[in-house]
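The values are calculated or read from the model by the stated rules, or taken from the named source; none is laboratory data. Being a predicted model, the structure only gives us computed values, none of them experimental. Here the Cβ positions follow ideal geometry from the backbone for every residue, glycine too, while neighbour counts run over all protein chains shown.
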């Protein structure tokens with residue numbers, strides 16, 4: 001089964017500034033008009049608090065499709081035959097546990113199935129306008145729709161009403177509701193006016209974009225503005241979401257492409273920071289950004305390098321509301337970007353205290369709580385042991401040498417513990433050196449102030465050395481990880497290029513992915529009926545991937561061609577990630593990876609996407625190879641079928657022409673032929689009829705053998721009688737050849753099908769007659785040999801080569817040396833089938849001197865008698 005890419009439905013969005021502008025009412029009126037034009041219109045979701053809207057829905061007569069578990073039932077809608085579905089509140093969330101968490105994903109599925117959709121949306125729920133809408137309304141907006149989805153709308157119809165009328169409708173609708181006060185505070189006159197302006201601007205942008213597409217499609221030449229690229233610098237801070245939305249709005253206003261860039265230091269952040277960063281990157285993807293994530297210690301330089309390589313003209317970067325201690329000693333990242341951004345416009349957005357309160361401001365305090373203590377305890381123990389060893393020899397060593405020895409724990413802690421333990425080792429080493437080795441001893445005071453300079457230089461050298469060692473170690477770990485990922489991809493790619501067996505290919509793919517990600521991996525492929533089933537497991541002892549929940553998600557991914565699970569937009573709560581194995585226009589299966597106990601990062605998601613792409617390409621290559629092989633076999637079969645038809649038709653036409661010619665001569669020349677001539681013509685007719693009868697019998701016998709319809713009618717058979725019937729049947733075309741029969745005395749009977757066994761003997765003897773010269777002798781020998789009865793037919797004909805001794809029993813096979821003799825190559829093949837059906841054997845070997853011996857061995861009656 002493969003995914004079919006057919007017609008996509010059209011999407012019409014009825015956009016309004018706020019509730020009560022009449023979006024749902026206008027959508028229902030449009031649906032009624034379409035129904036009057038003969039379109040099958042259904043209501044997929046209706047959620048309204050206004051009496052006039054509910055009244056119109058009842059009077060319209062539009063059928064309402066029942067929901068399924070608090071969500072739109074996509075399967076029911078698809079099977080209903082609806083051509084147009086009306087769905088209210090596009091931004092809505094489905095109930096917990098639904099396959100698709102958001103309603104706009106349901107709409108996307110309907111559009112993919114070729115169903116048109118009318119839907120409603122308030123401008124405050126557009127993702128890129130979220131921050132502005134929240135500031136205007138003074139409250140949080142939880143449900144949003146990505147701009148990339150709205151950009152695919154075929155039409156956005158603005159629905160508007162006067163500000164006073166909107167406020168009055170809201171008051172009437174929520175008059176008896178407990179949310180009346182909340183709605184009144186949220187939608188004041190100024191608020192509604194501001195939201196209306198936002199709706200006008202958004203609709204105007206859409207109209208302008210559609211106009212440009214129209215002009216481009218028709219080659220209308222107008223001055224086009226030079227498109228600029230926008231780059232948003234994001235970090236693990238929650239404030240980055242506001243920067244992402246602002247970047248989306250700026251890119252839309254400039255009609256430009258935009259990037260979302262994150263520069264990670266080589267050190268790993270906390271789990272909470274990584275999770276927040278993944279959310280920010282996912283939001284940027286949903287809003288249509290090209291997401292880039294690189295590793296580097298010089299963040300400003302990396303950002304500017306990316307900006308220059310991508311020809312970025314506009315940079316959006318956030319500034320921390322508080323100034324950290326580090327900023328007192330060196331310029332911040334924002335200042336470095338401003339100083340070096342030649343030819344670029346940098347937009348610095350100050351982060352709010354609220355958004356940063358739960359983010360980076362409190363992150364250092366949280367990190368202190370979770371700091372691992374073991375490296376610091378080891379450093380303390382190491383310096384204590386070093387001090388205890390040096391103290392007895394302190395007066396014998398120079399102080400410079402002792403200070404250098406205290407650099408050893410700094411370097412070791414930097415390599416194995418990181419920057420924090422290395423700085424701690426430097427400080428503790430200075431204190432220990434001062435307390436035990438600098439006079440006055442056993443005191444932190446110094447007699448010579450020049451030691452203070454030495455201490456400062458020592459601390460600086462130790463901190464710098466430790467930082468460099470820690471940074472090199474971190475970069476080494478990152479390089480190892482990337483090298484491992486690259487090696488995995490290279491190994492998988494190399495294996496895929498050499499493997500041609502489908503099962504081995506799936507085994508290698510699942511094993512390589514499992515070893516790289518250190519978790520279970522499952523590959524689902526469609527079976528002959530098109531149902532998706534698991535074909536390969538990385539760990540056969542694990543039960544993950546074999547349950548029905550995993551199969552349901554895999555089927556959804558296969559049908560819709562979208563990722564689902566952890567790290568995807570759909571079913572994020574799932575324990576695994578499901579990736580469609582797709583090429584340009586076909587989906588071959590689904591790759592599922594268990595990420596329940598594995599932290600999900602963008603690098604891992606990109607690696608899994610790469611694995612999925614390689615696997616899909618390899619499967620496509622193997623499939624194409626199999627299809628090419630099947631096509632080659634089909635061509636060869638067609639050629640063989642043509643040759644067989646030519647042979648059979650020739651065998652039928654020759655005796656048929658003889659019969660027609662002889663019978664015509666008898667009818668038209670009744671007085672021209674003597675009795676002898678008439679007898680000869682009648683004999684010719686009889687010979688042709690017998691030849692055709694034998695050919696038809698062989699063809700029917702082969703069909704019965706191959707279809708399994710041939711059934712034995714066993715009875716006790718006398719071998720001598722069967723040979724006598726055979727000689728009678730071949731007498732007419734025995735011609736000048738003599739046949740000698742040699743029978744063993746008291747030969748026991750056979751328990752078999754007498755008619756079929758006689759057909760075997762007729763075919764063998766006829767074959768011997770056909771390929772023997774005139775006046776030659778054919779010997780039929782029957783004898784008992786152990787538990788078998790053997791019948792052999794010997795001739796003195798042309799014989800065949802040793803290579804053809806086994807192949808002459810194949811269907812339609814004829815030896816090269818016998819091509820000049822008419823025949824179809826079916827006789828001996830039928831003999832083999834009948835003999836093997838009786839539990840016997842048939843073979844051929846050269847005759848002594850010249851010719852061929854065909855031997856049939858059949859079991860005696862004791863094996864078949866009941």
Meets criteria (modelled with pLDDT under 80, surrounded by 15 or more Cβ atoms within 10 Å (Cβ to Cβ), more than 29 Å from residue 783 (Cβ to Cβ) and outside the structural domain of residue 858 (by TED's automatic domain parsing)) for residue 692: yes
State whether one or more residues within region 836-847 are at pLDDT below 85, outside any loop (DSSP other than H, G, I, E, B), farther than 29 Å from residue 736 by Cα and in contact with a helix residue (DSSP H, G or I) (Cβ under 9 Å, 6 or more places away or on another chain). yes
For residue 585: the one exception among (1) under 30 Å from residue 272 (Cα atoms); (2) out of contact with any strand residue (DSSP E or B) (no Cβ under 6 Å at 6 or more places or on another chain); (3) assigned to a loop (DSSP other than H, G, I, E, B): (1)
Take residue 471 and decide whether it is surrounded by 14 or more Cβ atoms within 10 Å (Cβ to Cβ) and either part of a helix (DSSP H, G or I) or at pLDDT below 75 (or both). yes
Pick from region 362-406 the residues that are over 51 Å from the mean Cα position of the chain (by Cα) and part of a loop (DSSP other than H, G, I, E, B): which of them is modelled with the highest pLDDT? 406
Give the residues of region 725-738 that are surrounded by 13 or more Cβ atoms within 10 Å (Cβ to Cβ) and out of contact with any helix residue (DSSP H, G or I) (no Cβ under 7 Å at 6 or more places or on another chain), sorted by residue number. 727
For region 145-167, which residues satisfy the criterion of being more than 27 Å from residue 188 (Cα to Cα) and surrounded by fewer than 17 Cβ atoms within 10 Å (Cβ to Cβ)? 148, 151, 152, 154, 155
Sort out which residues of region 328-350 are in a loop (DSSP other than H, G, I, E, B) and modelled with pLDDT of 70 or more, and write them in order of number. 331, 332, 341, 342, 343, 344
Any chance region 778-787 includes a residue that's surrounded by fewer than 22 Cβ atoms within 10 Å (Cβ to Cβ) and assigned to a loop (DSSP other than H, G, I, E, B)? yes
Out of the residues in region 407-450 that are farther than 28 Å from residue 476 by Cα and crowded, with 17+ Cβ neighbours inside 10 Å, which is modelled with the highest pLDDT? 432
